[in-house]
Amino acid sequence: RGWKPDVVHVHFAVPAGVLGLALKWLTGVPYVVTAHLGDVPGGVPEKTGKWFKVIYPFTPPIWRGAAAVCAVSRFTAQLAETAYPGVTPIVIPNGVNTTAYDPGTIIVNNPPRIAFAGRFVPQKNPAGVLYALEMVKDLPWTCVMAGDGAHKPEVEALAEKLGLKDRITFPGWLKPAEVQEWFSKSDILFLPSLSEGLPVVGVQGMAMGLALLLSRAGGNPDLVNAPRNGYLFEPDDAAGFAGVLRTWLTNPDELLAARRASRVLAETFSLEHIVAKYEEVLTNAAK
């Protein structure tokens, strides 16, 4: 009340959207919602399905009371349109500082290097990386699986069982600068997630010029222009992932082309571009 902003920007319709709506009722200040996935019914059903059965009747005012609704991916936007008829989200993806995330001269390492970065939880499907790599263990490659989580010991045990542990590095949880350092030494970003909004690590991988091997989950298709900079498969399609890996690992020229294409396509996600979109949305909301 002492400092009345022109507009409030809330990330996640639930729970932050509740505060945006309350502030609007109390002060008249408009708000903009950005939906990420888990805050939309059906986005992560294994985690929020039961939750939304209880709270869904109370959520429509949050969406319809917003001056504008944004979504980080086309998938998230489509789910929101289905759950809340009449709401039309503006798709504004997560951005990256493409100047800071600059790979310099892009080359293919010998042997090629594969990277996974994420939490070791079922949603991120780290075991899927190992099942695909087992199918190409006759070829030269190394892999880093960065991250931590409850399932990390199980993943490490699976790597040993499949005869892959000597070729995989498990550095644990990393700071953003450390993730970037690993990306600078890698060629392929492999994310077989079961669900995603729009993975920031995927955008960062693009900016670092990594070829993308992603699942079709959620917003991942927004990052891949197949076959230009990568490929998409169902999360459990180990054979599909392995087929692309075999092609890239035996054809460095094709892998190099995919890497270079990722760097070019990453400009779509530059912070300058994303900030300009948000500036337009917030300015219009404040009028």
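The values are calculated or read from the model by the stated rules, or taken from the named source; none is laboratory data. Given the structure is predicted, the values throughout are model-derived calculations rather than measurements. A quick note on method: Cβ atoms are made from the backbone with ideal geometry, for glycine too, and the neighbour counts reach across all protein chains shown. In case anyone asks, the SASA skips ligands and DNA or RNA and just uses the protein heavy atoms, side chains included. Shrake-Rupley method; radii C 1.70, N 1.55, O 1.52, S 1.80 Å.
Report yes if some residue within the range 1-11 is at pLDDT 95 or above, open to solvent by less than 20 Å² (accessible area, probe 1.4 Å) and within 19 Å of the chain's Cα centre (by Cα); otherwise report no. Taking every residue of the range 1-11 in turn, none turns out to be at pLDDT 95 or above, open to solvent by less than 20 Å² (accessible area, probe 1.4 Å) and within 19 Å of the chain's Cα centre (by Cα). One residue stands out among those in the range 233-257 that are touching a helix residue (DSSP H, G or I) at 6+ places or on another chain (Cβ under 7 Å) and in a helix (DSSP H, G or I): the one that is nearest to TYR101 (Cα to Cα), which is LEU255.
For the range 267-287, what are the residues that are among the aliphatic types (A, V, I, L, M) and surrounded by 13 or more Cβ atoms within 10 Å (Cβ to Cβ)? Can you show your working first?
Taking the range 267-287 first, the residues among the aliphatic types (A, V, I, L, M) are 271, 274-276, 281-282, 285-286.
Matches in the range 267-287: LEU271, ILE274, VAL281, LEU282, ALA285, ALA286.
Mind checking whether some residue in the range 82-92 is touching a residue at least 12 places away in the same chain (Cβ under 8 Å), open to solvent by less than 40 Å² (accessible area, probe 1.4 Å), under 21 Å from the mean Cα position of the chain (by Cα) and under 26 Å from LYS287 (Cβ atoms)? Don't jump to the end; show me each part of the working.
Of all residues in the range 82-92, those touching a residue at least 12 places away in the same chain (Cβ under 8 Å) come to 82-84, 86-92.
Imposing the further condition that a residue be open to solvent by less than 40 Å² (accessible area, probe 1.4 Å) reduces the set to 83-84, 87, 89, 92.
Now narrow it down to the ones that are under 21 Å from the mean Cα position of the chain (by Cα): 89, 92.
Next, only the ones that are under 26 Å from LYS287 (Cβ atoms) stay: 89, 92.
Looking through the range 82-92, at least one residue is touching a residue at least 12 places away in the same chain (Cβ under 8 Å), open to solvent by less than 40 Å² (accessible area, probe 1.4 Å), under 21 Å from the mean Cα position of the chain (by Cα) and under 26 Å from LYS287 (Cβ atoms).
Among the residues of the range 41-50, are any in contact (Cβ under 8 Å) with a residue 12 or more places away in the chain, surrounded by 12 or more Cβ atoms within 10 Å (Cβ to Cβ) and in contact with a Pro (Cβ under 8 Å, 6 or more places away or on another chain)? No - not one qualifying residue is present in the range 41-50. May I ask you to list the residues in the range 109-143 that are assigned to a strand (DSSP E or B), open to solvent by 10 Å² or more (accessible area, probe 1.4 Å) and of a type in the set (Val, Ile, Thr)? Within the range 109-143, THR142 is the sole residue that qualifies. Condition test on LEU189, is it open to solvent by less than 60 Å² (accessible area, probe 1.4 Å) and touching a Gly at 6+ places or on another chain (Cβ under 6 Å)? Against the criterion (open to solvent by less than 60 Å² (accessible area, probe 1.4 Å) and touching a Gly at 6+ places or on another chain (Cβ under 6 Å)), LEU189 qualifies.
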